[in-house]
Each structure stands twice: as C-alpha cells, then as structure tokens.
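A short write-up of the structure that comes next.
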Amino acid sequence: MPMGNRQMRQAVAYLRSNDGSEKKLAAQRELINAWAARTEVHISGWHLDFASGNAETARRTGLCEAVAELKARRAELLVVARPHLLTRSLSQMIEVLGILRVVGAEVCSADGAELSWPFLEHIAQHSGLA
C-alpha cells in the first residue's frame, strides 16, 4: 500500500487464546490495530491459535501459517499484542525468533515490549540457555 512516496511495511498478526475467549481476542486485535495505525504498518493477515503458550511450535497451526506467510515474503513483520501471546517459554521464544531471523522477518509486540533477536540472545546467554 503506497503511503506518500514510500511503501507501507506489511505485517502478519498472531493472536492466541488458550480458552477461546472472544473478549481476549478482541483486546489483542484492538491493541494490534492501534499499533499498526501508530507505526504505519499494514496488517496483511491474521492468524489464530487456541492453545497454551507452552504448546510445541509445530502444533500451533496459526503460528506456523504466519511463519509460512513470512517465508513467502508476503509480509516482513510478525506482530503480537504482548510477548507472552507468542510463547510463555524463553527457550521457545528463542526458537521462534531464530526461525524468523532465518526467513528475514522481525517480530514486534504491540505493547512496545522488546522482542529483538539480540535482546533475547543476551537473556539466553545470561540464563544458561545459549
């Protein structure tokens, strides 16, 4: 989508609810939409899982579909409302960020929390996970 003389960045959004709560999902959508408007990012796709934040990555079809979109270069960013909605496990967070790094994508948290690879790599080294 053109914006002036530059292209808007494209993102895929990932929502997760372990209990299927529409109220929680709506709150996530609202936070992501506000972030997208503020940062001038277009949300090109929405993916959803009804699973625990500790569920294996391969069993989270919504997350896998989002990563597939990023691999296909239909978007360059993965956005979540809050970091714990991506995963509740530090080792799994490192795994997911590693996958995104390989495909050349970034991850953003709509609440402004830091989710960069260097930041998590630093935490992993100091927690004994690296």
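The values are calculated or read from the model by the stated rules, or taken from the named source; none is laboratory data. In this text, all values refer to a predicted model and were calculated from it rather than measured experimentally. With ideal geometry, Cβ positions are generated from the backbone for all residues, glycine too; neighbour counts draw on all protein chains shown.
Just name the residue that is farthest from CYS108 (Cα to Cα) out of those in the stretch 6-33 that are within 15 Å of the chain's Cα centre (by Cα) and of a type in the set (Gly, Ala, Ser). Across the stretch 6-33, the extreme among qualifying residues is SER17.
Could you list, in sequence order, all residues of the stretch 73-90 that are over 23 Å from GLY20 (Cα atoms) and over 10 Å from the mean Cα position of the chain (by Cα)? Working first, answer last.
So in the stretch 73-90, the residues over 23 Å from GLY20 (Cα atoms) come out as 73-77, 90.
ARG73, ARG74, ALA75, GLU76, LEU90 - these are the residues of the stretch 73-90 that are over 23 Å from GLY20 (Cα atoms) and over 10 Å from the mean Cα position of the chain (by Cα).
Residues in the stretch 13-26 that are surrounded by 15 or more Cβ atoms within 10 Å (Cβ to Cβ), in a helix (DSSP H, G or I) and hydrophobic (A, V, I, L, M, F, W, C): LEU25 alone. Which of the residues belonging to the stretch 36-57 are closer than 15 Å to LEU85 by Cβ and more than 13 Å from the chain's Cα centre (by Cα)? Within the stretch 36-57, PHE50, ALA51, SER52, ASN54, ALA55 meet the criteria. Only one entry of THR39, THR57 meets the criterion of being of a type in the set (Ser, Thr, Tyr) and modelled with pLDDT of 95 or more, and that entry is THR39.
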